[in-house]
Every structure is written in structure tokens, then in C-alpha cells.
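Structure first, commentary second.
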Amino acid sequence: MSNTVPSKFHSVPRLPGCYLFLDSMGHIIYVGKAKNLANRVRSYFHTSAKDDERLQPLLRQIDGVDFLFTPSETEALLQEYRLIKQHKPWFNSQLKRETPHPFIRIDTGSEYPSISIANDAADDDAEYFGSFFDIYDAKEAIETFNSMYRTPLCMKPKLPSTACLYRSIGRCAAPCEGAIPQAAYRTDIMEVMALLRGEQIAALDSLGQEIDRYLRALEFEKAATAEKKLAALEKLRRKGRKLFRLQGGSDAAVLVRAYRTPECVLLNIRSGVVVNLIYVHASVDDCELTHRIEQCLHEDSLIAEETWLTSCVTEIIADKLFVQLSQEMSCEELIVELQSHIKDFLA
């Protein structure tokens, strides 16, 4: 490793962005992101990093470093994905996590859709929601839906032909045996998909009203069951809203943020292509937020590259929220709805 890299550290601001490690031929061999570029890049050359056997091949080949600054850590996340897809650095594939970031797969093409976990979003008749940070988050979401709707817990791509123990203990409606009418089951699945898109507010309100109704009727057991559903839904809501795979022709707004950050990016997607994006911090006031949303919805494209972000928002590991843009809503109604979603998302 040449001395070029360490000497360049002194001029690196403590800003968010991406760093690109180069070899002696000037080829990009690794792309990373950071909230603080100076600290992150220096960490590769600390004693603890030099003792990491996985990093040794990379460290031996680094001969230079370039930086790309961004307004926020979330935009650095988006830029990192774009750069990796564009340059395909060898060490990014070699140093990636062994554990995949899974999707929840709902087989909507079946009469009785199954709910399972998939490592990747395939091009089939199913809907994919994610990606989740790890398999435990995905399983916890499926268990939350089960507590609300008694949906299957077997997590198989195709439902089995016979019921399992979960039916015997009252944990599953046993769609595999047709024990629940198809129409009723598909209604439950549609509600599960709505929750995965981040549409929890209506469900929370409905459950609250249901609890009040049971309490007034002195049906305490039913009220307790509804309260368990409400608690499970609140827990899922706190874990972060997930985004389902965008189809060609979709019109949507998408909120994306790096985990645990007080900032997000709002993306305006038309016909499956991202045409605008804006950066929003949790501290922004209502007037400025309204202006930025109007800018994102109406002005000419604010970004040079459009197509890469559509696949990016479904694959990167971050908090995400999908908001369907209805053609029937007026501009004012869209702005109010997006304001509400952004505030809730950053709360």
C-alpha cells in the first residue's frame, strides 16, 4: 500500500458521503459510505483493522482514495448502491455480509397465498416486501401478522397439503386445508400487504375503536385479544415501514432513510422511474416541508440519473415507506398526505 492514502486523510472533511478505494491502475476496488468520511476511512488503517484477515487483501491493493460528498447519510446510502451497480468493485462482493437481507414473499398468484421468506426478489407472480435488516426482523413481522389474522407460520413458498400443529393450537386459520373461505383469507392477505406498505394508521384506528366497543359491551376477553393485536402492530410500526417491489408503470412516493437517522429522502416515482428526489431533515418546519414536497411533485427533474433509483430503493438495507400516489387526489391532498407520512416516518 502506498503512502498516498494516509496523506490524503488530512484534507478529508467530516462529512457524509461515499469513499472509493483505488488500486495502482486507478481502478475502483471498493466503495463504501459513511456519516463521517474522515473517521470511517481512517478506521481501515487502525491496528485493529490491520489485524482483520478479511481486510488484508483489500488493504494490500489500496493505492488511492476518492470521495463523493452528499447532504446526508441517507443520500450516501443511495449513492453507494449506484456506484456499486455501476463499477462492480471486486471487494464489495467479497466483503459483503454472509447473511442475506431477506424479503417477505406473498404468493399472490395462488388461490390461498402463502407467506414466506426469500433471499432475493424474483421476477414471478408473487409480491416481495423488504428488504429487512435480517431474518429475525422478517420472522417477527410474520409472527405479528399471525397474531392479528392467524395467517400461516410455516413460511413455505407453497402451502402444504395438510394442516400442522399451529391449527391444533389455534394459531393458524389453516388455509392449506381450505378451513377458511378463500375470499375471507384473501381479504386478510390484502390487509397484511397494506401493513407492509406502511399503511398502519387505519388499522391502528380500527383496532382502537374495536377495543372501545368491546369494553362498552363488557366483552373483556375480546378486548384483551384486540389489545394484543394493537400492541403487535405498534411494535411492527416501530421497527420501520418496508417497501414492496415497484412494478413498471407504478406512480408512487417513497421515503428512504439510513437506520436510526433523523433525515430521509423523498423520491417521486412516475411510471416506475424516479424523476425527482428531495432531502428532508426532522427539524424542518411545516412551511419549508410544504415547499419541498411541491418542488418534488411538480418541478422538472432534479436528478441527472433516473432509472437506477427504482431498483435501488427496493434492494438497499434501510427504513423505507411506500406511498401510492392516487390520480384521484388533488395536489393539495397529496401534499397534506405526504407531510403526514414524513412526520410519522421521522418521529
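General remarks:
- Entry remark, segment 23-41: residues being surrounded by 15 or more Cβ atoms within 10 Å (Cβ to Cβ), under 30 Å from the mean Cα position of the chain (by Cα) and either not aromatic (Phe, Trp, Tyr) or not assigned by TED's automatic domain parsing to the domain that holds Pro89 (or both) number 12 in total.
Condition check ((1) part of a helix (DSSP H, G or I); (2) in contact with an Asp or Glu (Cβ under 7 Å, 6 or more places away or on another chain); (3) at pLDDT 80 or above) across all residues:
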site	(1), (2), (3)
Asp188	yes, no, yes
Glu191	yes, no, yes
Gly198	no, no, no
Leu204	yes, no, no
Gly208	yes, no, yes
Glu227	yes, no, yes
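- Restricting attention to segment 177-186, the residues that are part of a helix (DSSP H, G or I) and either at pLDDT 90 or above or hydroxyl-bearing (Ser, Thr, Tyr) (or both) add up to 5.
- Here Met148 passes the criteria (1) part of a helix (DSSP H, G or I); (2) over 18 Å from Ile189 (Cα atoms); (3) touching a Lys or Arg at 6+ places or on another chain (Cβ under 7 Å) except the one numbered (2).
- Selection within segment 249-275 - farther than 20 Å from Lys35 by Cα, in contact with a Lys or Arg (Cβ under 9 Å, 6 or more places away or on another chain) and of a type in the set (S, T, N, Q): Ser250
- Residue satisfying condition, being modelled with pLDDT of 85 or more and over 30 Å from Phe21 (Cβ atoms), within set Ser147, Ser110, Ser72: Ser110
- Picking from residues in segment 255-275 that are surrounded by 19 or more Cβ atoms within 10 Å (Cβ to Cβ) and at pLDDT below 85, the one that is nearest to Met329 (Cα to Cα) is Ile269.
The values are calculated or read from the model by the stated rules, or taken from the named source; none is laboratory data. Everything numeric here is computed off the predicted structure, so don't read it as measured data. So basically every Cβ, Gly included, is an ideal-geometry build from the backbone, and we count neighbours across all protein chains shown.
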